[in-house]
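Just so it is clear, none of the values below were taken in a lab; they were calculated from the coordinates. Since the structure is predicted, the reported quantities are computational estimates derived from the model, not experimental observations. Note: ideal-geometry Cβ built from the backbone for every residue, glycine included; neighbour counts use all protein chains shown.
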Amino acid sequence: MKITYDWLKDHLKISAKEDKLLEKLTDIGLEVESIENLSEGLDLFKVAKIIKTEKHPNADRLKVCDVDVGNNEIKKVVCGATNAREGLLTVYAPPGAIIPKNNTKLVVAKIRDVTSYGMLCSESELNLSDESDGITELSSFKYAKNIGKSYFSKLSSNLIDLSITPNRPDCLGVRGIARDLSAAGFGNLKPEKDKKIKSNKNQTLKIKITKEKNQGCLSFGSCLISNVKNTESPQWLKDKLISIGQKPISAIVDITNYIMIDINRPLHAYDADKIEKGIIVRNSKSGEEFTALDNKNYKLDDGMCVISDSKGVLGLGGIIGGTRSGTELDTKNILLESAYFDPRSIRKTAKKLNIDTDAKFRFERGIDQLSIEDGLNKAAFLIKEICGGEISKIDIQKIESHKNKVIKFELKTFEKITGFKISTKEMIIILEKLGFKLKKEKKFFKLSVPSWRPDIVQEIDIVEELVRISGYEKIKIENPIKERSKNTLNPTQKLFHFLQRAVASKGYLEAITWSFTDVKYNDHFKEANKEIKIVNPISSELGVLRNSIFSNLVMHISKNLDRGIKDLSIFEIGPIFYGSQPGEQNTVICGLSAGKKSRLSWIEKERNTDVFDIKRDVIQTLVEAGYDSEKFYLDDESPNYYHPGKSGRIFLNKGKDKVAAYFGEIHPNIIKTLDIKTESLVGFEIFLDNLKLPKKPLKDQKTKYIVSDFQKSERDFAFIVDKKVNVQDLVSLISSIDKNLISNIKVFDVYKGDNIPENKKSIAISVTIQSLEKTLTDNDLEKINNSIIETVENKTGAKIRS
Amino acid sequence: MSEIKNIRDQFISKLENDLNIDQINEIKTELFGKNGLISSKFKTIGSIPETDRKKFASDLNQVKDELQNLIAFKINEIERKKINEKLEKEKVDITLPERPFVRGKVHPVSQTIDEISSIFSEIGFSVEEGPDVENEYNNFTALNTPDNHPARDMHDTFYLDENKEVLLRTHTSPVQIRTMLKDKPPFKIIAPGRTYRSDSDQTHAPMFHQVEGLHIDTNINMGHLKGCLNYFVKEFFEVEKIKMRFRPSHFPFTEPSAEVDIGYEIRDGKIIIGEGDKWLEILGCGMVHPNVLKNVKVDPSKYQGYAFGIGIDRLAMLKYGINDLRAFFDCDYRWLNHFGFDPLDVPSNYRGLSR
């Protein structure tokens, strides 16, 4: 909402400085978004006279004009306007001036080899009208003595742009803002001048609001003004509109705009002669069409509130008028409409047809139902004053009367909510200045809500009014008490934060990427998951919710590789989605590592990052998080975006859990398709929701501290086993032989090749044997030794290497 | 006596030569071996006349000690020399790079969430969460924003179905609804998380982070709201004093509502929080609207309290001097490395939020 201090002063008796006003506006919730000095620089635009015109030597359509810009100065200006002619008074803009229409700054320019010092302006370039055909023509009668003087009269007031919250339609009118200010003690609201139409002429055009379900128009007021002469607006009106950045059009349009901005009363002017046999306000029928004032053709659905005549739709009530009945400069007889439309109906229709107009914006927030007559009176008087004509009586049709809301306000509620007190007297002053009618009882007020405040419906709304106007700075600070009765984080949240930092500590940079992704990337990683489309994405590259974090991470790792970063690890912890219903999401920690280890190191041999690097990162993270690696179970079933031979999945407990994590090389086909330029790309996903929280907290999990100081022995074995036998099975087999004595098992070599039959491999294992009770004898060791060989050979078909 | 002295003199001068370890050992044997010169002398002690015996033994022991010490010294000297020679050979250029290491980082938004949680933890808030995909009811209707409410236009919503019943939450406020439906009052929670609006330019990202706050009890008023936020902002920016302004505003789910600005100024191109005469909007808040309480079956005649919503990314930008919101989600390795935090830097009250 744009206003000026000067306009406010039409309604407010005040002498304070403008900066005080700005402060007060913000203090009472009418936030000042910006202030702008519209007249800044406008003094550069001068009244000037063309003395001579010549054809441009190098261009047929251009003229070179000698322009008298006052003070005995003659400037050469190149001009393309056909109406540029000797003796014409017009508006001259010197180099350095900023053209209002497009905000460009003029410079001295060579136009086809002729230097032009400035420009002669059209009305459109000056934002005075839409007239862009030729330069401004000033009447020599009015301007002959003004050559060299500033064309614009100086605007003393800055343009103040307010951000009005959607609950305050009353402040979409200057008077509403003035009323709020006066309630806050900033000036006094001037009484309204009551001008009532006194006419003995009837409004002869029949108006009918049909009684039907969901009728969007509750009342329709109108009057006829006959024999008008639409004209240019007088200077005061033009200045008023220009002062808030609007362009004057014609008196009738300007007047309706003025009334709308002044008291937030939208009006609509019809050319009465174009209305066929009266007006019917009714619900539209599906398929009806009309051309609106924005020159677009709209096809209507059932049930939209339309203003129509016997020939069809004239306009959408409260949203936009139609071209068929629009007023023009030669309009003689006007029907002025001042109506009330239901906000819900307005909103529904405007949304469906995607129309946004000033009237719609106001009606959907709620217009004062009781301003119908006032608006008609004010506008009709101005029209008569400026365009002449004769005004009829006002006709008001309604299907529902406005009823004032009444609210019971308990005085103590104010302090209960705000924590501070104001006197009853102060409450009364504020509420009455805001327009409430008040009946004071002992402990409460009975308040009748002003018709312009649709937002006020209950007691809490009264509290808001009082605290807003008396000032938020009066709220006393109650310092918080440092007391905690509940854990800040629950165990799952603790795990989340732990894993996040555990993974980061393995050399991964944490990334945060969108929860949505490019379907092209998502396809590679979604497996059997449902694709979840966003109906209105900002771009097709962000069209689906991600089924896996990999899609975004792969895309970003690729971008980083293209930036020339060769070795990098990134991860993200966040949601992935498997359905489009609330809650159909999982929290995943997903990492990717690309390139080499120890690239270009003088001391270590460089090598590709591999599946066992990523496996270490996952296992170490899980172990650090408190899970027992001895219970982990791995197999090689992994999603299809991993390398089928170099990937796996981890369970925290064999057979008891959902998958805790996947890890492995990213499938070479994906790397190729997405053109990811790296030597190696490995990744992992840990599924937080699948990590069962231990029944006991970690602090209670530690069993007794038991160590053995008896001698330990290490025995090495090398078994030749079938290629399919995996180390996990071998190790768990050996450890199960004697859990008391076998304290550690390490695989230190895996070998295939010479001396080993095809389809076999050699696995070398070191087993630590130690008792908690005694030093083992050679005999004891021999026994367990034999038991290991025997068991392994029998259970796996292995052969001990000798 | 003179014989012992002779041995002593003879061997001391011998030992003064530049000897290697074998030669010294030879001398050692010569003197102290089974039949060494000194050893043999000890064997003769018994045959020395009693009158001289004591002196003889004393002289002999003295010489023995002297020679033994000298030999030990010589051996030690040679060994030391040997080690020194070896050390000289082993010298490396210690300015060569160490073995390669990698350093991970935590994203500034995550760090900021931890900082925020740490601050609110101190005054008794616990952390709640909600899903990113929400139904229309929790995101709007339950929050007193019915379908016909123009305030809905302020949220450019991503929808997942044509009927606009399922959407990506536009704020963290639906967590208020979920929390209050799930439990009984009092409530004292914060809810950080991802939020979404179909808005994308230099200062808007289609996804951003908010933290919701909710405190409902029998007696919580606007003074508590002011106190809580004042405390939070001071702690978060780690300043002694903060200039704050509560401005009336409007949100459908709170009443009265406020927007909060903090004072700042630009000094040497850097933003200084808490001073100066410029204002920066950082959050929205208010007293939870009675309609919202009714919607979640909390009796507004018994319970009341406040709620607030803070933009996390914005706070992180202000605190850590990050200019571009879009860069948060661009995943540029260099940026993450520059603005990220060491994983050991866990914000806590006793160690301070930041280093």
Worksheet, complete the sentence: For the range A:686-775, listing chymotrypsin sites (Phe, Trp or Tyr not before Pro) in a DSSP loop whose Cβ sees at most 13 other Cβ atoms within 10 Å gives A:705, A:710
Response to the item:
Computed from every Cα-Cα pair in the range B:44-126, P(r) in 10 Å bins starting at 0 and rounded to whole percents is 12, 14, 12, 11, 10, 10, 10, 8, 7, 5
Practice prompt. Over the whole of B:230-242, what's the average partner chain Cβ count within 10 Å per residue? Rounded to a whole number, please.
Written response: 1
Discussion item. Run the reach check for residue A:795 against lysines, Cα to Cα strictly under 24 Å, same-chain hits fewer than 8 apart removed. What comes back?
Written reply: A:631, A:654, A:723, A:724, A:739, A:746, A:752, A:760, A:761, A:783
Discussion item. Which lysines, if any, have their Cα less than 23 Å from the Cα of residue B:241, not counting same-chain residues under 8 positions apart?
Written reply: A:474, A:476, A:482, B:226, B:270, B:278, B:319
Fill in: Three-way shape call for the range A:54-154 based on the alpha-carbon gyration tensor, with the a/c threshold at 1.5
rounded
Worksheet, complete the sentence: Relative to chain A, whose Cα atoms define the longest principal axis, helix A:459-470 and its Cα axis are tilted in degrees, nearest 10, by 70 degrees
Worksheet item: Expressed as cubic angstrom per residue, what is the convex hull volume of the alpha carbon set of the protein assembly as shown?
Response: 340 Å³
Worksheet item: If we count every other residue with Cβ under 12 angstrom of residue A:75's Cβ, Lys/Arg +1 and Asp/Glu -1, where does the sum land?
Response: +1
Worksheet item: Between residue B:94 and residue B:350, what FRET efficiency follows from the Cβ-Cβ distance if R0 is 35 Å, with the result rounded to 0.05?
Response: 0.40
Response to the item:
Scaled by the rule-of-thumb 2.2 N^0.38 Å, the alpha carbon Rg for the range A:228-378 gives a ratio of 1.02
Response to the item:
In whole angstrom, the spacing between the Cα centers of the range B:1-55 and the range A:158-236 equals 131 Å
Item to complete: Find, among the GluC sites (Glu not before Pro) in the range B:36-138, those assigned to loop by DSSP (not H, G, I, E, B) with at most 16 other beta-carbon atoms within 10 angstrom.
Response: B:98
Discussion item. Using only the alpha-carbon atoms, how far is helix A:550-562 inclined from the longest principal axis of chain A? Give it as 0 to 90 degrees, nearest 10.
Written reply: 90 degrees
Worksheet item: Which of these, B:38, B:262, B:113, has the largest mean-square fluctuation under a Gaussian network model of chain B (Cα springs below 10 Å)?
Response: B:38
Worksheet entry | Sequence-separation-based contact order of chain B, relative, with Cα cut under 8 Å and 6+ spacing, percent | 16 percent
Worksheet, complete the sentence: Placing each pseudo-label 7 Å from Cα in the direction of the beta carbon, residue A:696 and residue A:301 end up separated by a distance in nanometres of 6.3 nm
Discussion item. Could you identify which residue out of B:291, B:219, B:69 has the top mean-square fluctuation in a GNM of chain B using Cα springs shorter than 10 Å?
Written reply: B:69
Response to the item:
Counting every C-alpha pair in the range B:2-90, the percent lying more than 21 Å apart is 38 percent
Discussion item. Could you tell me the center-to-center distance, by alpha carbons, between the range A:379-447 and the range A:77-104 in angstrom?
Written reply: 51 Å
Fill in: Residue-averaged beta-carbon neighbours from other chains (10 angstrom radius) around A:546-558
1
Fill in: Rounded if a/c under 1.5, otherwise prolate or oblate - chain B, Cα gyration tensor axes
prolate
Worksheet item: Given a cut-off of under 8 Å on Cα pairs at least six residues apart, what relative contact order in percent is computed for the range A:1-89?
Response: 21 percent
Discussion item. Just to be sure I understand: with springs between alpha-carbon atoms less than 10 Å apart, which residue in B:269, B:46, B:286 has the highest mean-square fluctuation in the Gaussian network model of chain B?
Written reply: B:46
Discussion item. Please compute the alpha carbon radius of gyration of the range A:406-470, then divide it by the globular-protein estimate 2.2 N^0.38 Å. Two decimals is fine.
Written reply: 0.98
Response to the item:
Sparse-neighbourhood loop hits (trypsin sites (Lys or Arg not before Pro), the range B:193-282; DSSP loop; Cβ within 10 Å at most 14 others) -> B:241
Worksheet, complete the sentence: In the neighbourhood of residue A:86 defined by beta carbon distances under 14 Å, the net charge of the other residues (Lys, Arg +1; Asp, Glu -1) is +1
Discussion item. Give the average over all directions of the projected area of the C-alpha convex hull of the range A:74-215, one decimal, in nm².
Written reply: 18.1 nm²
Discussion item. Per-residue Cβ counts within 10 Å, from other chains only, averaged over A:498-509: what number is that?
Written reply: 6
Worksheet item: Modelled label-to-label distance, residue A:426 and residue A:198, 7 Å Cα→beta-carbon offset: nm?
Response: 4.6 nm
Worksheet item: Within the set A:421/B:234; A:211/A:285; A:55/A:149; A:52/A:110; A:398/A:446, which residue pairs have Cα atoms separated by over 21 Å?
Response: A:421/B:234; A:55/A:149; A:398/A:446
Fill in: Computed over chain A: relative contact order in percent, which uses C-alpha pairs under 8 Å that are six or more apart
8 percent
Worksheet entry | Kirkwood Rh in Å, taken over all unlike Cα pairs in the range A:571-665 | 15.2 Å
Discussion item. What whole-number distance in Å separates the alpha-carbon centres of the range A:626-673 and the range A:561-589?
Written reply: 17 Å
Worksheet item: All other residues with a Cβ under 12 Å from the Cβ of residue A:599 taken together, and with Lys, Arg as +1 and Asp, Glu as -1, what is their net charge?
Response: +1
Item to complete: Indicate, rounded to the nearest 5 percent, the antiparallel portion of the DSSP beta bridges found entirely in the protein assembly as shown.
Response: 95 percent
